[in-house]
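The block underneath contains the structure these notes are about, expressed in structure tokens.
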Amino acid sequence: MLQDTQPDYSAVIPVGDRVDDLNALMREYDEALASIGKPYEVIVVLDGRRRQWRDLLDELADSISNLHVIELARQFGESSALAAGFDAARADTVLTLPAYYQVDPAEIPKLLSIGDSEDDMLIAVRPRAGASFDKIRRRAFHALFRMTSGMAFRDLGCGVRVFRREVAEEIPLYGDQHRFFPALARRRGFRVREIELLQSQKDLIRGRFRLREYLHRFLEILTVFFLVRFTKKPLRFFGTIGFLAASIGTVFTLVLVIQRLFFDMGLADRPALLLGSLLIVLGVQTFALGLIGELIIFTHGNKMKEYSVRRIIEGQPETESVSYTHLRAHETL
């Protein structure tokens, strides 16, 4: 059961496909949080009907008084499990922890220094050692993400993060976007900082990813690329591609027309004619796709909020004759 007192920290732990020794890990997490000396709660979200973990969590709930277990009706994914935990969290400071070893649990209190800083989110970075192939793979992933999003992160795969409640309320999680939670937070204007923590000695490499996993990661990066750069400006992306394609196609077609009119060269059996025509059609269609996206965003623009308010300072009237009105920031597209 949850404690009656208002907690200072809410730790959210999604339990899905990858799980280590949950009994030992939960007790290490609980010991680390208890060492802070402030009230806290631990929210475990069981993603799907996993009986082996449900029975264990039922036993842990009897021994850990501030443990709360949420079992989802079916497996929705880690992002949805985290969102369910955020909805249930009561504290103003939320901490996410994986159900497997990544960071040494004894290092967790260092993250919770966010209350004494101006940062909105602190994310753990593991100075990991490993095989050369794994280092190259991690560097390539983060380099590709930096090129597409313009944001530099060193360990997006680490699930140990702490942030203020407003961050979870502002950013919806879906699909597999939990890996890019810090990037989405920075895009909204929140202050995100990385902090190096010791890696757990039990954080082991789980083998090689399959080709499908690499494809999924690439598509996730591509999704974040759109979310970060072109969510509210689709015409800039699709319009640029469409304009370039149509321009190249037009140049091809004009060259062929000039050759036909002035140099008496036939157009039959000229693959360039088909290529030019195809590029013009694809360019116009791509441009139209971006224009449709702009119209949709404009139609629903009154329901969108493209800013985050850090704080509001209100002056007190000196006399009764002086009145103050609240200013609302305009929502921009």
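The values are calculated or read from the model by the stated rules, or taken from the named source; none is laboratory data. Here the structure is a predicted model, which is why all the values come from computation and not from measurement. Here the Cβ positions follow ideal geometry from the backbone for every residue, glycine too, while neighbour counts run over all protein chains shown. Accessible surface areas use protein heavy atoms only, side chains included; no ligands, DNA or RNA. Shrake-Rupley method; radii C 1.70, N 1.55, O 1.52, S 1.80 Å.
Between PHE180, PHE218, PHE163, which is at pLDDT 90 or above and not in a loop (DSSP other than H, G, I, E, B)? Working first, answer last.
Numbers: PHE180 fails: at pLDDT 90 or above; PHE218 fails: at pLDDT 90 or above.
None of the others qualify; the one that does is PHE163.
If a residue has to be open to solvent by 40 Å² or more (accessible area, probe 1.4 Å), at negative phi and not aliphatic (A, V, I, L, M) to count, how many in segment 248-278 make the cut?
Initial filter on segment 248-278 (open to solvent by 40 Å² or more (accessible area, probe 1.4 Å)): 248, 250-252, 254-255, 257-271, 273-275, 277-278.
Subset that is at negative phi: 248, 250-252, 254-255, 257-263, 265-268, 270-271, 273-275, 277-278.
Imposing the further condition that a residue be not aliphatic (A, V, I, L, M) reduces the set to 250, 252, 259-260, 262-263, 266, 270-271, 277.
Total meeting the criteria: 10.
For the condition closer than 30 Å to ARG188 by Cβ, polar (S, T, N, Q), at pLDDT 65 or above and open to solvent by 60 Å² or more (accessible area, probe 1.4 Å), what is the one hit in THR325, THR286, THR299, THR332? Step through it out loud before you land on a result.
On the way: THR325 fails: at pLDDT 65 or above; THR286 fails: open to solvent by 60 Å² or more (accessible area, probe 1.4 Å); THR332 fails: at pLDDT 65 or above.
So the residue among THR325, THR286, THR299, THR332 that is closer than 30 Å to ARG188 by Cβ, polar (S, T, N, Q), at pLDDT 65 or above and open to solvent by 60 Å² or more (accessible area, probe 1.4 Å) is THR299.
If you take just the strands (runs of 3 or more DSSP E) that sit entirely in segment 1-90, which of them hold at least 1 residues that are charged (D, E, K, R), over 23 Å from ARG165 (Cβ atoms) and open to solvent by 70 Å² or more (accessible area, probe 1.4 Å)?
Numbers: elements: 9-15, 40-46, 67-71.
Qualifying strands (runs of 3 or more DSSP E): 67-71.
Where the second residue is open to solvent by less than 100 Å² (accessible area, probe 1.4 Å) and the first is in a loop (DSSP other than H, G, I, E, B) and lies in segment 252-271, which pairs have Cβ atoms under 7 Å and are six or more apart or on separate chains?
Final answer for the pair search is MET265/GLN259; LEU267/LEU256; LEU267/LEU273; ARG270/LEU256.
Quick check on segment 103-120. Is at least one of its residues part of a helix (DSSP H, G or I), in contact with a Lys or Arg (Cβ under 8 Å, 6 or more places away or on another chain) and under 30 Å from ALA152 (Cβ atoms)? Spell out the reasoning first.
Filtering segment 103-120 for residues part of a helix (DSSP H, G or I) gives 105-116.
Next, from what is left, pick out any that are in contact with a Lys or Arg (Cβ under 8 Å, 6 or more places away or on another chain): 111, 114.
Now drop any that are not under 30 Å from ALA152 (Cβ atoms), which leaves 111, 114.
Within segment 103-120 (the criterion being part of a helix (DSSP H, G or I), in contact with a Lys or Arg (Cβ under 8 Å, 6 or more places away or on another chain) and under 30 Å from ALA152 (Cβ atoms)), the answer is yes, since at least one residue qualifies.
Which is crowded, with 20+ Cβ neighbours inside 10 Å and either assigned to a helix (DSSP H, G or I) or not small (Gly, Ala, Ser) (or both), of ASP155, ASP134? If you could, list the steps in order and put the result at the bottom.
Values: ASP134 fails: crowded, with 20+ Cβ neighbours inside 10 Å.
None of the other options fit; the residue is ASP155.
If you check ILE248 against the conditions, is it at pLDDT 90 or above and farther than 29 Å from VAL167 by Cβ? Full working, then the answer.
Details: at pLDDT 90 or above: yes; farther than 29 Å from VAL167 by Cβ: yes.
Here the answer is yes, as ILE248 does meet what is asked.
Taking ASP62, is it modelled with pLDDT under 90 and more than 25 Å from PRO172 (Cβ to Cβ)? Please lay out each step first, then the result.
Working: modelled with pLDDT under 90: yes; more than 25 Å from PRO172 (Cβ to Cβ): yes.
Yes, satisfied.
Considering segment 131-154 alone, what residues qualify as being under 13 Å from the mean Cα position of the chain (by Cα) and not aliphatic (A, V, I, L, M)?
Passing the criteria: PHE145, SER149, PHE153.
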